[in-house]
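Peer 1: Encoded as structure tokens, here's the structure I'll be asking about.
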Amino acid sequence: MGRSAAFARLVGRLDEALEVRRVQGHVGGGDLPPRTLGVDLSGRGTVAAAFAMWRAVGEAVRGFRPDVVLTDGLDLPPVRAPVVAVVRDLVGTGWDVVGGNRGWRVRARRCAALVVPHDLVRRELVSVGVDPFRVTVIPELVDVPARPLPPPDARDGVVTLLHPGAIHPAKGQHLSIDAVSRLGADDKARVHLVVAGPATNPRYLAQLKVAASGQPVTFVTEETSRTWPELLASCRVVLYPTSLDEGCPDAALFAMAHGLAVLAPDRPTLRDQLGPGAVLLPPGHVTALRDTLADVLAGRLDPVPIGRRGATFVAERHGWPAVWQRYRTLLAAVTR
């Protein structure tokens, strides 16, 4: 999950329909997709890494002569082909401050088009000086399974909750743990919260483990061998109390694609992005989150039909047929 993974997922699907060459940075080797020019960025600083990528892109363009260049950033060497930049959002990228508004305008002028997943991101780009006619809204691609997961049988009467995503204060893992800790004794005995994701903030993770001491909470980080499908198959409800207006809440959408209901804050982007697959709660309101969990445990709120509606919503909006139709139209326009 994350911006780089989402871009790689998109390029992989485009490779099935078009002739694609990739330039991909990596650290410490690893398997690269076919027809990929790998750039080893090990031990390089920010400037050196950017220069290495510039040089590699220039080399690839000269040899391949593409009709269009697709990129997940705005720092590219001059190329003759039209450039389409995929901009997920301005959250945590630094793109909204690097070079200021003028930096954005200069970089955006070099692009034939910028693709964003949501109209709110489009408005953010326009607010920093990007030409609105260069910005196209295309929902982010989500890998949709052939069929949603069946509801798991409660193990010994225990309902498993999942909080997916990078372990970072902005993602709100502390809110999920707090909500579970406030459940009554009977409810707490019937629930198990799994906090799963890369530990991007080790200090925060240590604080979470202190808060979770004595609570029915388990932590799963990248070092484990368990996969996301295995985690999703074992849970009933996904908690996503993020404090961000995310351009694409991919962890929540991925869970919805598998037929799981999501409890999320009522924020502008999430309200639109999650649609009927989410129960929206007041942002940061731990009591509301606790009460909703209690409703699920008592059978007053059935997450199964919510999950089914969410799976249909994701397939129709974020599945490959819908996303490919929009990209095909855009790529045809910029290469004409």
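Peer 1: Which of the residues spanning the range 257-285 are open to solvent by 20 Å² or more (accessible area, probe 1.4 Å), on the phi > 0 side of the Ramachandran plot and not in a helix (DSSP H, G or I)?
Peer 2: Matches in the range 257-285: GLY284 only.
Peer 1: Considering PRO321, PRO249, PRO282, which residue is within 17 Å of ILE138 (Cα to Cα) and free of Cβ contacts under 8 Å to residues at least 24 places away in the same chain?
Peer 2: On the way: PRO249 fails: free of Cβ contacts under 8 Å to residues at least 24 places away in the same chain; PRO282 fails: within 17 Å of ILE138 (Cα to Cα).
None of the other options fit; the residue is PRO321.
Peer 1: Here is a follow-up. For the range 235-246, give me each residue that is open to solvent by 50 Å² or more (accessible area, probe 1.4 Å) and either free of Cβ contacts under 8 Å to residues at least 40 places away in the same chain or within 23 Å of VAL180 (Cα to Cα) (or both). Talk me through it step by step, then tell me what you get.
Peer 2: Here is the first cut: in the range 235-246, the ones open to solvent by 50 Å² or more (accessible area, probe 1.4 Å) are 236, 243, 245.
Scanning the range 235-246 gives ARG236, SER243.
Peer 1: Follow-up. Return yes when ASP250 is charged (D, E, K, R), surrounded by 23 or more Cβ atoms within 10 Å (Cβ to Cβ) and under 19 Å from ALA166 (Cβ atoms) and no when it is not. Even if it seems obvious, please write down each step before you answer.
Peer 2: On the way: charged (D, E, K, R): yes; surrounded by 23 or more Cβ atoms within 10 Å (Cβ to Cβ): yes; under 19 Å from ALA166 (Cβ atoms): yes.
Yes; evaluated as a whole, the condition is true for this residue.
Peer 1: Another one. Please work out which one of (1) of a type outside the set (Val, Ile, Thr); (2) part of a loop (DSSP other than H, G, I, E, B); (3) surrounded by fewer than 12 Cβ atoms within 10 Å (Cβ to Cβ) is the condition GLU16 fails and give its number.
Peer 2: (2)
Peer 1: Let me ask you something else. Out of the residues in the range 306-336 meeting the condition of being among the β-branched types (Val, Ile, Thr) and open to solvent by less than 40 Å² (accessible area, probe 1.4 Å), tell me which one is farthest from GLY259 (Cα to Cα). Let's see the steps before the verdict.
Peer 2: Our first condition is that a residue be among the β-branched types (Val, Ile, Thr); within the range 306-336, this holds for 306, 312, 314, 323, 329, 334-335.
Next, from what is left, pick out any that are open to solvent by less than 40 Å² (accessible area, probe 1.4 Å): 306, 314, 323, 334.
Numbers: ILE306: 8, VAL314: 10, VAL323: 20, VAL334: 36 Å.
Of everything passing the filter in the range 306-336, VAL334 is farthest from GLY259 (Cα to Cα).
Peer 1: To continue, here is another question. When you scan the range 161-182, how many residues do you find that are touching a residue at least 60 places away in the same chain (Cβ under 8 Å), farther than 18 Å from GLU246 by Cα, open to solvent by less than 40 Å² (accessible area, probe 1.4 Å) and not small (Gly, Ala, Ser)?
Peer 2: 3
Peer 1: Criterion first (at pLDDT below 90, open to solvent by less than 40 Å² (accessible area, probe 1.4 Å) and outside any helix (DSSP H, G or I)) does PRO148 satisfy it? First the steps, then the outcome.
Peer 2: Values: at pLDDT below 90: yes; open to solvent by less than 40 Å² (accessible area, probe 1.4 Å): no; outside any helix (DSSP H, G or I): yes.
So PRO148 fails the test.
Peer 1: So how many residues does the range 201-215 have that are within 22 Å of the chain's Cα centre (by Cα), open to solvent by less than 80 Å² (accessible area, probe 1.4 Å) and not hydrophobic (A, V, I, L, M, F, W, C)?
Peer 2: 2
Peer 1: Among the residues of the range 23-37, which ones are on the phi < 0 side of the Ramachandran plot, exposed (fewer than 14 other Cβ atoms within 10 Å of the Cβ) and touching a helix residue (DSSP H, G or I) at 6+ places or on another chain (Cβ under 9 Å)? If you could, list the steps in order and put the result at the bottom.
Peer 2: First, the residues of the range 23-37 that are on the phi < 0 side of the Ramachandran plot: 23-27, 31-34, 36-37.
Filter once more, keeping what is exposed (fewer than 14 other Cβ atoms within 10 Å of the Cβ): 27, 31-34.
Scanning the range 23-37 gives PRO33, PRO34.
A quick yes/no check of all residues on (1) assigned to a helix (DSSP H, G or I); (2) within 30 Å of ARG123 (Cβ to Cβ); (3) charged (D, E, K, R):
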position	(1), (2), (3)
ALA179	yes, no, no
GLN207	yes, no, no
PHE219	no, no, no
GLU230	yes, no, yes
ASP245	no, yes, yes
THR287	yes, no, no
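Peer 1: Filter the range 183-208 down to the residues that are basic (Lys, Arg), without any contact (Cβ under 8 Å) to a residue 24 or more places away in the chain and closer than 20 Å to VAL286 by Cα and list them by number.
Peer 2: Restricting attention to the range 183-208, the residues satisfying the condition of being basic (Lys, Arg) are 188, 190, 203.
From what's left, without any contact (Cβ under 8 Å) to a residue 24 or more places away in the chain: 203.
None - no residue of the range 183-208 is basic (Lys, Arg), without any contact (Cβ under 8 Å) to a residue 24 or more places away in the chain and closer than 20 Å to VAL286 by Cα, so the list stays empty.
Peer 1: Quick check on my filter: what residues within the range 131-145 are in contact with a strand residue (DSSP E or B) (Cβ under 7 Å, 6 or more places away or on another chain) and part of a loop (DSSP other than H, G, I, E, B)?
Peer 2: Step one: list which residues in the range 131-145 are in contact with a strand residue (DSSP E or B) (Cβ under 7 Å, 6 or more places away or on another chain), which gives 134-138.
Residue satisfying the conditions is ILE138 alone.
Peer 1: Of the residues that sit in the range 38-51 and are touching a strand residue (DSSP E or B) at 6+ places or on another chain (Cβ under 9 Å) and open to solvent by less than 60 Å² (accessible area, probe 1.4 Å), which one is nearest to ARG328 (Cα to Cα)?
Peer 2: GLY38
The values are calculated or read from the model by the stated rules, or taken from the named source; none is laboratory data. Since we're looking at a predicted model, the values are computed, not measured. Counting neighbours? That spans all protein chains shown, and the Cβs are built from the backbone with ideal geometry, glycine included. With ligands, DNA and RNA removed, areas are computed over all heavy atoms of the protein, side chains included. Shrake-Rupley method; radii C 1.70, N 1.55, O 1.52, S 1.80 Å.
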